[in-house]
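Reading through the structure tokens given below for one structure.
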Amino acid sequence: MGRILMFMGLCALISYTSCSSKHEEKEESVKFLVTSPLRKDTLTTRQYVCQIRSIQHIELRALERGYLQKIFVDEGQSVREGQRMFQIMPMMYQAELQKAEAEADFAEIEYKNTKQLADSNVVSPNELAMAKAKFNKAKAELALAQTHLQFTEIKAPFDGIMDRFQARLGSLLDEGDLLTTLSDNRKMWVYFNVPEAEYLDYKSKARKDSVMNVELIMANHKMFEYPGIVETIEADFDNETGNISFRATFPNPKGLLRHGETGNIQIKQPVKNALLIPQKATFEVLEKKYVYVIDKDNVVRSREI
């Protein structure tokens, strides 16, 4: 009786497995929309992450030691070339200038008296030469004192925009201390890295006198209204990334772009007799792109593109 029950259970299990297999092997027909590729001339668009830099961006530092006596500008202010920005207390340097002026006057009088005596053959030519050398030395020290005094007044070297202050009014400054930075944003340099293969494609297709026009997509995903031109390509590739740096120049008449911004460079290149397929028909696997195609037997297969 036990053997009969075991045999009946085994038959039931086989029957259930057979039904399950038939259920799993059941296929449903699914219809897909298909289309044919087009062959025509078109434009390809490539984007590269970029860094935006001012055409001039410098640090303004104290040229002399002393207390920061006056600040004539404010953070974020636009300044003109030659405009006064900072004043370091000049009293010590004014005293040095007065001392140098007095010594120069004394040396000049001594030289003139010695010259009169030398013209009368009272003193030797060597004494006249010594007096002239002392006078020249005094004039050089006077010019140096004037320069030190001028260094206490810091002026804008070009038109630009002020950054934040790194020193406050009354601060004791040492020579070389950072005061602020100044940016000239009338034109902007935009740097972006191009892979080696794309660089070779570009150089092989570009004519000697051709200009590479580019567009800038800002951080808010809007297109910058003025196009740029690639003017410089660095000499060496980065061995770690395999990229080379391009530099594009953009006009910035409205001052919208600032030093340190980021964005994306967009480059459009013409392609002759290209084979076009819908982008929705493609998919990516491990950074490779594929598309489904129908072979002669009406079977859908994936193909790398």
At a probe radius of 1.4 Å, what is the per-residue accessible area of residue 222, in Å² to the nearest 10? 130 Å²
Using θ = phi - 60° and Karplus 6.51 cos²θ - 1.76 cosθ + 1.60, couplings along region 144-160 (whole Hz; Gly, Pro as x): 5, 5, 4, 5, 4, 5, 5, 5, 6, 10, 9, 10, 5, x, 7, 5, x
Angle, helix 2-24 long axis vs. longest principal axis of the chain, Cα atoms, 0 to 90°, nearest 10? 60 degrees
Is any residue of region 174-190 close enough, with backbone N under 13 Å, to a label point placed 7 angstrom from the Cα of residue 75 along the Cα-Cβ axis, and if so, which? 180-181
J(HN,Hα) series, region 104-117, from Karplus relation 6.51 cos²θ - 1.76 cosθ + 1.60, nearest Hz, glycine and proline x: 5, 5, 4, 5, 5, 4, 4, 5, 5, 5, 5, 5, 5, 5
Let me know the Rg and Dmax you get for the chain when you use only its Cα atoms, in Å. 39.4, 156
Based on DSSP H runs of at least 4 residues, each adding -39500 (n - 2.57), what is the mean residue ellipticity at 222 nm of the chain after dividing by all its residues, to the nearest 500 deg cm²/dmol? -10000 deg cm²/dmol
Whole-percent carbon and sulfur contribution to the accessible surface of the chain (1.4 Å, no ligands, DNA or RNA) stands at 52 percent
So residue 247 and residue 207, fully extended at 0.36 nm per residue minus their Cα-Cα distance, gain in nm 12.6 nm
Tell me which residues come under 5 Å, amide H to amide H, from residue 274 once H is placed; ignore anything under 5 positions away on its chain. 40, 41, 42
Could you derive backbone 3J(HN,Hα) for region 214-229 from the dihedral phi with the Karplus parameters 6.51, -1.76 and 1.60 (θ = phi - 60°), listing whole Hz in sequence and x where the residue is Gly or Pro? 9, 10, 10, 9, 6, 5, 8, 6, 9, 7, 5, 6, 10, x, x, 10
Subtracting the Cα-Cα distance of residue 147 and residue 99 from 0.36 nm times their residue separation yields 15.9 nm
Full extension between residue 235 and residue 41 adds, at 0.36 nm per residue less the Cα distance, a length in nm of 66.5 nm
Let me have the relative contact order for region 152-203, percent, based on Cα pairs under 8 Å that are six or more residues apart. 36 percent
Using only alpha-carbon positions, what ratio does the radius of gyration of region 91-239 give when scaled by 2.2 N^0.38 Å? 2.03
If you place +1 on the Cβ of every Lys and Arg, -1 on the Cβ of every Asp and Glu, and leave all else neutral, what size is the dipole of the chain about its Cα centre, to the nearest 20 Debye? 1440 debye
Counting only GluC sites (Glu not before Pro) that are in a DSSP loop and have at most 14 other C-beta atoms within 10 Å, tell me the longest site-free stretch of the chain. 82-174
So what are region 46-127's ellipsoid semi-axes, whole angstrom, largest first, if each one is the square root of 5 times an eigenvalue of the alpha-carbon gyration tensor? 53, 20, 10
Local charge sum around residue 176 (other residues, Cβ-Cβ under 11 Å, Lys/Arg +1, Asp/Glu -1)? -3
Please list, in chain and number order, the residues 5+ apart from residue 67 or on another chain whose amide H is under 5 Å from its amide H, with Hs placed from the backbone. 89, 173
Can you work out the accessible area per residue across the chain, with the rest of the protein chains kept in place, probe 1.4 Å, in square angstrom? 72 Å²
Contact order normalised by length for the chain, with contacts defined as Cα pairs under 8 Å and 6 or more residues apart; what percent is it? 27 percent
Sequence neighbours fewer than 8 away in the same chain don't count; with that in mind, list the lysines whose C-alpha is under 27 Å from residue 222. 187, 254, 268, 280
Any lysines whose Cα falls less than 17 Å from that of residue 139, other than same-chain ones fewer than 8 residues away, would be 99, 112
Could you tell me the extents of region 121-181's C-alpha atoms along the three principal axes, largest first, rounded to whole Å? 66, 27, 14
State, as an integer percentage, the relative contact order of region 85-164 based on alpha-carbon contacts under 8 Å between residues 6 or more apart. 51 percent
Taking amide H atoms as placed 1.01 Å from N in the peptide plane, list the residues 5 or more away in sequence, or in a different chain, whose amide H sits under 5 Å from that of residue 152. none
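The values are calculated or read from the model by the stated rules, or taken from the named source; none is laboratory data. Source: prediction; values computed, not measured. For neighbour counting, all protein chains shown are included, and Cβ atoms are generated from backbone atoms with ideal geometry for every residue, glycine included. Calculation scope for accessible area: heavy atoms of the full protein, side chains included, ligands and nucleic acids excluded. Shrake-Rupley method; radii C 1.70, N 1.55, O 1.52, S 1.80 Å.
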